[in-house]
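Trainee: Before anything else, here's the structure in question.
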Amino acid sequence: MERWLGSEVLAHMPEVRYGGENGKTLQLEVDPDLVVVRARRGESLREGPVPGPEATLLNEMEPILSYPEASVEVYRRRERSSRSMEEMRKELHESPATRFAGRVLVDEQSHKPVLYTENLFVKFRDGKSRDQCLAVLREAGLTVKRELPYATNAYFVAAPEGTGLSIFDIANELLKREDVEYCHPELVRPLGRRAIFSQQWHLKATTVNNQWVNASANIEAAHNITEGEGVTIAVIDTGIDIDHEEFSHRDKVVAPRDTTANDANPRPSRRAEKHGTACAGVACGDGRFGASGVAPRAKLMPIRMISQLGSQAEAEAFYWAAENGADIISCSWGPEDGYWKDGKDPLHDMKVPLPDSTRLAIDYAVTNGRSGLGCVVFFAAGNGNESVDNDGYASYDRVLAVAACNDRGRRSVYSDCGEAIFCAFPSNDFPWAKEGRPAPLTPGIWTTDRTGRVGYSDDDYTNSFGGTSSACPGAAGVAALVLSCNQSLRWDAVRDIMRRSCDRIDSEGGEYDAKGHSPRYGYGRLNAEKAARSAGGQTRRVHGRRVHGRRVHGRSTPRDDDLDLMEAAYDGTREQATRELLLATLLAAQAAQIQDLRERVAQLELPG
């Protein structure tokens, strides 16, 4: 991928043919709001001291895609920019800091960036000799970079630098030859990985560090019903790195705000601001690269609020969220906690009331948000191993307080307790020999981290996030799954569905009362699949290996594996295999519905 899109004027929209001259055609078009830039130094144009002219231009754009191995980045023009992208592109192209700045092609259907190099893949027909193949390539002005060993007469070749869009014409001309079987330019897209990653034990049962961990909130199963599409989660926190690859999907971020600085830039401005990025990832990270959120297809409304507790900026954050389309609001902050291991810490007994200014703003969100249906507001219960009822924020009766449970299905040692606890969601834990608590099986929650070396890790992801700070956005993500199944629900109806969808854990130590409430876990650990079904969600129809025409999470599922085996063993009976697969899926969905009805009946509060 050494040579990338140039800056020539586009005379026509290019197309690529896969499968030979009579194969499938991929149509591409130009996105006028995008530019691809290759820096002359380092991996990024933003690296090191940025020269004045380039700094001004970069402030007018936001990065959405990065290929550090090639020093290539894709930028989008900010909505508030007063300059056209074409004007900025030309200025960047003439800058000594860049090798080039070119237009960006996007897929005609998905509108996702598709970058091309000036390289080609060419495969001649098997009967052609090597000398004949090389002669054709030389005649076309192409240089062989590699002869490919995995196919007969296959070559990876380069056109002269500056060929630009003509690379598509060269490919199509070669493809017209009778002796050329396949030929297409090298196209570059983001690598799609699994939506649920191996270390994300809070989303599914999995193996971490050679240990089987089965203490999840059943998120993966819920994703067969919904992934949170059509729902917006507002995360009020420290700055959020919206340039992270898991938030870079088109239209992922909506209505960004900084209520402390009173502007539209929610990014971190201080090195210590890493908390918000991790929280946002737990709630709704895309899961296209390294970490999935609970609701990966929900939109993110990042609201930076680093003012002190009780400030007006705090209240304005709720108002902004409600006025700008948030369905759910996640708040992983509150009064200062006492030290969870020190029972004599005076902070344990400190009562912090909810200021009227903030309470009324929360009321506004709950009453007027979502066109009167009300935003669902979540608060982290606290990490002091103390009473949540002393916290006026988390204990407010119009918010849902989320406690933390660990990878063994017990309360995390630090998690606050009390009457106000609504539910629990998986998070990290610590050993505590005095209380007979063993070391946890996992380091914590795998989620997004600030890019570069300024986060919790040196990577763009961390495996050690935790606290009720992680549990809160996890529960918010479950609420997004519920609303995605039924967007007509009032906020309190969402609350009731989630209450009924909790699994009772730690029955002996949970101290559950007659109404099924525990001061440690609330109504139990959230079960996302049960919540989605209770909201009316159904397992999506399976068409071969797709759900609604989209590969399930971009990964192989058990159903996929079964179908592959059927296809290999019974190549002539695929229709029968598909019918059996559909029947099995329908029976499983009916069984889940029956089980859900049984659980609802069992949880009815009988008089007496």
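The values are calculated or read from the model by the stated rules, or taken from the named source; none is laboratory data. It should be emphasised that the depicted structure is a prediction, and the values quoted were computed from it without experimental measurement. FYI the Cβ positions are ideal-geometry reconstructions off the backbone, even for glycines, and counts take in every protein chain you see.
Trainee: Tell me, please, whether a residue that is in contact with a helix residue (DSSP H, G or I) (Cβ under 6 Å, 6 or more places away or on another chain) and under 21 Å from residue 243 (Cα atoms) can be found in the range 451-471.
Mentor: Yes, the range 451-471 contains a residue that is in contact with a helix residue (DSSP H, G or I) (Cβ under 6 Å, 6 or more places away or on another chain) and under 21 Å from residue 243 (Cα atoms).
Trainee: While we're here: Taking the condition farther than 27 Å from residue 33 by Cα, at pLDDT 95 or above, aliphatic (A, V, I, L, M) and surrounded by 15 or more Cβ atoms within 10 Å (Cβ to Cβ), does residue 122 pass?
Mentor: Working: farther than 27 Å from residue 33 by Cα: yes; at pLDDT 95 or above: no; aliphatic (A, V, I, L, M): yes; surrounded by 15 or more Cβ atoms within 10 Å (Cβ to Cβ): yes.
So residue 122 does not fit the description; no.
Trainee: Are any residues in the range 314-357 buried (at least 20 other Cβ atoms within 10 Å of the Cβ), over 29 Å from residue 228 (Cβ atoms) and of a type in the set (Gly, Ala, Ser), and if so, which ones?
Mentor: Within the range 314-357, 338 is the sole residue that qualifies.
Results for (1) among the basic types (Lys, Arg); (2) more than 30 Å from the chain's Cα centre (by Cα); (3) part of a strand (DSSP E or B), shown as yes or no for each residue.
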position	(1), (2), (3)
76	yes, no, yes
80	yes, no, no
117	no, no, yes
156	no, yes, yes
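Trainee: Going through 529, 508 one at a time, which residue ends up being modelled with pLDDT under 95, in the same structural domain as residue 468 (by TED's automatic domain parsing), out of contact with any Phe, Trp or Tyr (no Cβ under 7 Å at 6 or more places or on another chain) and not polar (S, T, N, Q)? If you could, list the steps in order and put the result at the bottom.
Mentor: On the way: 529 fails: modelled with pLDDT under 95.
None of the other options fit; the residue is 508.
Trainee: With respect to residue 326, determine if the residue is at pLDDT 90 or above, touching a Ser or Thr at 6+ places or on another chain (Cβ under 6 Å) and assigned by TED's automatic domain parsing to the domain that holds residue 278.
Mentor: Working: at pLDDT 90 or above: yes; touching a Ser or Thr at 6+ places or on another chain (Cβ under 6 Å): yes; assigned by TED's automatic domain parsing to the domain that holds residue 278: yes.
The answer is yes for residue 326.
Trainee: Take residue 73 and decide whether it is of a type outside the set (Val, Ile, Thr), under 15 Å from residue 38 (Cβ atoms), in the same structural domain as residue 16 (by TED's automatic domain parsing) and surrounded by fewer than 14 Cβ atoms within 10 Å (Cβ to Cβ). If you could, list the steps in order and put the result at the bottom.
Mentor: Working: of a type outside the set (Val, Ile, Thr): yes; under 15 Å from residue 38 (Cβ atoms): yes; in the same structural domain as residue 16 (by TED's automatic domain parsing): yes; surrounded by fewer than 14 Cβ atoms within 10 Å (Cβ to Cβ): no.
Answer is no for this residue.
Trainee: In the range 301-318, what residues are acidic (Asp, Glu) and within 16 Å of residue 352 (Cβ to Cβ)? So that I can check it myself, show each step before the final result.
Mentor: In the first step, residues of the range 301-318 are kept if they are acidic (Asp, Glu); the result is 314, 316.
If the condition is that a residue be acidic (Asp, Glu) and within 16 Å of residue 352 (Cβ to Cβ), then 314 is the only one that fits.
Trainee: Further, regarding this structure: Checking the conditions here, which among 490, 453 is surrounded by fewer than 16 Cβ atoms within 10 Å (Cβ to Cβ) and without any contact (Cβ under 8 Å) to a residue 40 or more places away in the chain? Break it down stepwise before answering.
Mentor: Numbers: 490 fails: without any contact (Cβ under 8 Å) to a residue 40 or more places away in the chain.
The conditions single out 453.
Trainee: Scan 382, 372, 409 and give me the residue that is closer than 26 Å to residue 213 by Cβ and out of contact with any helix residue (DSSP H, G or I) (no Cβ under 9 Å at 6 or more places or on another chain). Show your work before the answer.
Mentor: Working: 382 fails: out of contact with any helix residue (DSSP H, G or I) (no Cβ under 9 Å at 6 or more places or on another chain); 372 fails: closer than 26 Å to residue 213 by Cβ.
When all the criteria are applied, what remains is 409.
Trainee: Looking at (1) at pLDDT below 80; (2) in contact with a His (Cβ under 7 Å, 6 or more places away or on another chain); (3) not acidic (Asp, Glu), find the lone condition where residue 100 falls short.
Mentor: Among (1) at pLDDT below 80; (2) in contact with a His (Cβ under 7 Å, 6 or more places away or on another chain); (3) not acidic (Asp, Glu), residue 100 violates only (1).
Trainee: A further question follows. Working only within the range 327-376, note down all residues that are in a loop (DSSP other than H, G, I, E, B), within 24 Å of residue 282 (Cβ to Cβ) and of a type in the set (Gly, Ala, Ser).
Mentor: 332, 334, 369, 374
Trainee: All but one of (1) modelled with pLDDT of 95 or more; (2) more than 27 Å from residue 392 (Cβ to Cβ); (3) not basic (Lys, Arg) hold for residue 302; state the number of the condition that does not hold.
Mentor: (2)
Trainee: Kindly indicate whether residue 138 is surrounded by fewer than 17 Cβ atoms within 10 Å (Cβ to Cβ), part of a strand (DSSP E or B) and free of Cβ contacts under 8 Å to residues at least 12 places away in the same chain. Even if it seems obvious, please write down each step before you answer.
Mentor: Details: surrounded by fewer than 17 Cβ atoms within 10 Å (Cβ to Cβ): yes; part of a strand (DSSP E or B): no; free of Cβ contacts under 8 Å to residues at least 12 places away in the same chain: yes.
Considered against the rule, which asks whether it is surrounded by fewer than 17 Cβ atoms within 10 Å (Cβ to Cβ), part of a strand (DSSP E or B) and free of Cβ contacts under 8 Å to residues at least 12 places away in the same chain, residue 138 comes out as no.
Trainee: Further question: So, in the range 293-313, how many residues would count as being of a type outside the set (A, V, I, L, M), farther than 25 Å from residue 200 by Cβ and surrounded by 23 or more Cβ atoms within 10 Å (Cβ to Cβ)?
Mentor: 1
Trainee: Could you list all residues from the range 85-115 that are in a loop (DSSP other than H, G, I, E, B) and either in contact (Cβ under 8 Å) with a residue 12 or more places away in the chain or more than 19 Å from residue 58 (Cβ to Cβ) (or both)? Before you say what the answer is, go through the steps one by one.
Mentor: Residues of the range 85-115 in a loop (DSSP other than H, G, I, E, B): 94-97, 108-112, 114.
Residues satisfying the conditions are 95, 96, 97, 108, 109, 110, 111, 112, 114.
Trainee: Identify all residues within the range 387-418 that are farther than 16 Å from residue 475 by Cβ and among the charged types (D, E, K, R); write none if there are none.
Mentor: Scanning the range 387-418 gives 389, 391, 397, 407, 408, 410.
Trainee: Counting only residues that are within 25 Å of residue 354 (Cβ to Cβ) and in contact (Cβ under 8 Å) with a residue 60 or more places away in the chain, how many does the range 400-415 have? Talk me through it step by step, then tell me what you get.
Mentor: Taking the range 400-415 and keeping what is within 25 Å of residue 354 (Cβ to Cβ), we get 400-404, 411-412, 414-415.
Remaining after also requiring in contact (Cβ under 8 Å) with a residue 60 or more places away in the chain: 400-404, 411, 414-415.
Residues meeting the conditions: 8.
Trainee: Okay, moving on. Report yes if residue 306 is of a type outside the set (Phe, Trp, Tyr) and within 18 Å of the chain's Cα centre (by Cα), otherwise no. Break it down into steps so the answer makes sense when it comes.
Mentor: On the way: of a type outside the set (Phe, Trp, Tyr): yes; within 18 Å of the chain's Cα centre (by Cα): no.
Answer is no for this residue.
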